[in-house]
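Down below is the structure, laid out as structure tokens.
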Amino acid sequence: TTNRGVELLGTWRKKPFAATASYTYVRSREFDLAGGARADIALTPRHSLGLVGVWEQEGKSRLGVECYYTGSQ
């Protein structure tokens with residue numbers, strides 16, 4: 001089995017707001033002994049995305065929203 005991929009992560013801040021975005025790409029494959037070829041592994045999503053937004057009043061309160069997407073499995 002081989003697993004290869006990349007993850008990107010970025011954060012933007014401007015008081016009182018902050019936002020973070022992430023992207024992940026994964027390629028999971030295994031060698032098929034019967035057919036002699038490589039095949040994708042089932043149930044391993046290739047793409048994933050995430051967005052997080054936060055509003056913060058320092059020392060008093062914080063309000064955030066998170067949103068995630070996971071590709072087909």
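The values are calculated or read from the model by the stated rules, or taken from the named source; none is laboratory data. Since this is a predicted model, take the numbers as computed values, not measurements. Reconstructed Cβ throughout: ideal geometry from the backbone, glycine too, with neighbour counts over all protein chains shown. For accessibility, only protein heavy atoms count, side chains too; no ligands or nucleic acids. Shrake-Rupley method; radii C 1.70, N 1.55, O 1.52, S 1.80 Å.
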Candidates T44, T2, T70, filtered to the one that is exposed (fewer than 11 other Cβ atoms within 10 Å of the Cβ) and in contact (Cβ under 8 Å) with a residue 12 or more places away in the chain: T2
Pair list, Cβ < 8 Å and 6+ apart or interchain, from the range 12-34 residues that are in contact (Cβ under 8 Å) with a residue 40 or more places away in the chain to residues that are of a type in the set (S, T, N, Q) and open to solvent by less than 100 Å² (accessible area, probe 1.4 Å): P16/Q57
Filter result for V26 (loosely packed, with under 11 Cβ neighbours inside 10 Å, over 18 Å from E66 (Cβ atoms) and of a type in the set (A, V, I, L, M)): no
